[in-house]
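Comments concern the structure below.
What follows is calculated from the coordinates using simple rules that are stated; it is not laboratory data. Just so we're clear, the structure is a prediction, and the values are computed from it rather than from any experiment. Every residue, glycine among them, receives a Cβ derived from its backbone with ideal geometry; neighbour counts consider all protein chains shown.
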Amino acid sequence: MATNTALKSSQASSDGGYYKSTYLPGINRLGKATGWLGVLMIFAPVLAVQFIYGIVPNKEFLMIAVAAQLSVNAVWWIIEPISFYPILGVPGTYVAFLSGNISNLRIPCAAAAQRAVGVEPGSDEATIVSTIGIAASVYVNVILLTIAVIIGSTVLQQMPEAVKTGLNFLLPSLFGAVFAQFAIDDKKTGLVAMVVAIVTLLAYRGGMFNWLPIDPFVANILIPIFGTVAIARVMYAKGMYNTTE
């Protein structure tokens with residue numbers, strides 16, 4: 001009886017039973033709680049200024065500012081969770097969106113952790129590994145950020161102008177490194193993604209998306225993401241998708 005119970009427990013664990021029935025629900029509860037706590041802390045200074053000091057902004061100017069922010073940032077509320085989730089996973093998404101620096105720090109750390117362990121992207125194992133990588137990056141980020149705040153401006157002032165200019169290319173380099181890391185494991189889809197992105201960028205520079213009611217630059221993100229996903233699904237359906245090639 002004990003042997004059968006152990007075998008069933010082992011099988012449930014290998015099928016992701018604990019992960020889906022216990023781990024993820026717990027993460028969702030904690031993630032939602034910390035997320036709402038983060039929202040409260042973000043708005044706390046505004047609420048304090050209004051209810052403690054009685055300072056209330058002009059409603060007309062407030063609505064203009066809100067409308068301006070929504071027109072620029074609202075679309076990212078949809079784009080970023082969709083585009084980042086495959087690498088971050090559920091726990092990593094909660095941590096990353098609460099801590100910030102997603103594209104330039106959390107994504108590279110999650111991808112590097114998955115690569116180092118050798119797990120399959122999108123799997124339950126990859127979710128756990130990426131969460132560990134993101135959590136470690138948060139601690140390192142806080143330590144380095146504290147140091148940078150104290151001595152960063154002094155160091156930057158002493159750097160040659162060429163080095164300061166080169167720092168502007170740091171983020172594109174990170175994105176390129178992450179793309180190359182995943183493209184090595186899936187050359188066909190990586191090639192498709194590169195072609196779609198280049199064609200979209202050329203179309204954007206040619207003014208083909210100027211008719212959009214939102215910032216046309218958004219097309220440079222939406223089209224490569226959903227275009228690559230759609231083409232990858234077609235390749236998979238036709239038996240062309242092989243991550244080992």
*Residues Ile225, Ile27, Ile143 arranged by fewest to most Cβ contacts within 10 Å*: Ile143, Ile225, Ile27
*Please list 207-215, 80-88 highest first by mean number of surrounding beta-carbon atoms within 10 Å per residue.*
80-88, 207-215
*Each residue of the stretch 39-53 in order: what ³J(HN,Hα) in whole Hz does its phi give by Karplus 6.51 cos²θ - 1.76 cosθ + 1.60, θ = phi - 60°, with x for Gly and Pro?*
4, 4, 5, 5, 8, 4, x, 5, 5, 5, 4, 6, 8, 8, 9
*For Met41, Met235, Met240, what ranking results if the residue with the fewest other Cβ atoms within 10 Å of its Cβ goes first?*
Met41, Met240, Met235
*Whole-Hz Karplus ³J(HN,Hα) for the stretch 209-221, in order, using 6.51 cos²θ - 1.76 cosθ + 1.60 and θ = phi - 60°, x for Gly and Pro?*
10, 5, 6, 5, x, 10, 4, x, 4, 4, 4, 5, 9
*Can you give me the relative contact order of the stretch 76-170 as a percent, contacts being Cα pairs under 8 Å and 6 or more apart?*
27 percent
*Considering only Ile143, Pro91, Met194, whose Cα is most displaced toward the positive end of the charge dipole of the chain, charges sitting on Cβ of Lys, Arg (+1) and Asp, Glu (-1)?*
Pro91
*Can you spot the aspartates and glutamates whose alpha carbon is less than 18 Å from Lys20's alpha carbon? Ignore those fewer than 8 places along the same chain.*
Glu120, Asp124, Glu125
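What's the extension gain from Ala33 to Met159 if we count 0.36 nm per residue and subtract their Cα-Cα distance?
Contour length minus the Cα-Cα distance gives 41.1 nm.
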*Rg and Dmax of the chain, Cα atoms only, in Å*: 22.3, 73
*Starting from the Cα of Lys188, draw a straight line to each of the lysines and keep only those under 26 Å, dropping any in the same chain fewer than 8 residues away.*
Lys238
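Based only on the alpha carbon positions, what is the Kirkwood hydrodynamic radius of the stretch 76-170, in angstrom? Please list the in-between numbers first.
Values: mean 1/r = 0.0686 Å⁻¹.
Computed over Cα pairs of the stretch 76-170, the Kirkwood hydrodynamic radius comes out at 14.6 Å.
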_Based only on other Cβ atoms within 10 Å, what is the fewest-to-most ordering of Tyr53, Tyr23?_
Tyr53, Tyr23
*What ³J(HN,Hα) values, in whole Hz, does the Karplus curve 6.51 cos²θ - 1.76 cosθ + 1.60 give for the stretch 75-81 when θ = phi - 60°, with x put for Gly and Pro?*
5, 6, 5, 9, 5, 5, x
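Can you compute the FRET efficiency between Ile150 and Glu120 using 1/(1 + (r/R0)^6), with r the Cβ-Cβ distance and R0 = 35 Å? Round to the nearest 0.05. Please list the in-between numbers first.
Working: r = 41 Å, r/R0 = 1.18.
That pair, Ile150 with Glu120, gives E of 0.25.
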_Separation in nanometres of the label points that stand 7 Å from Cα toward Cβ, at Met240 and Phe175_ = 2.6 nm
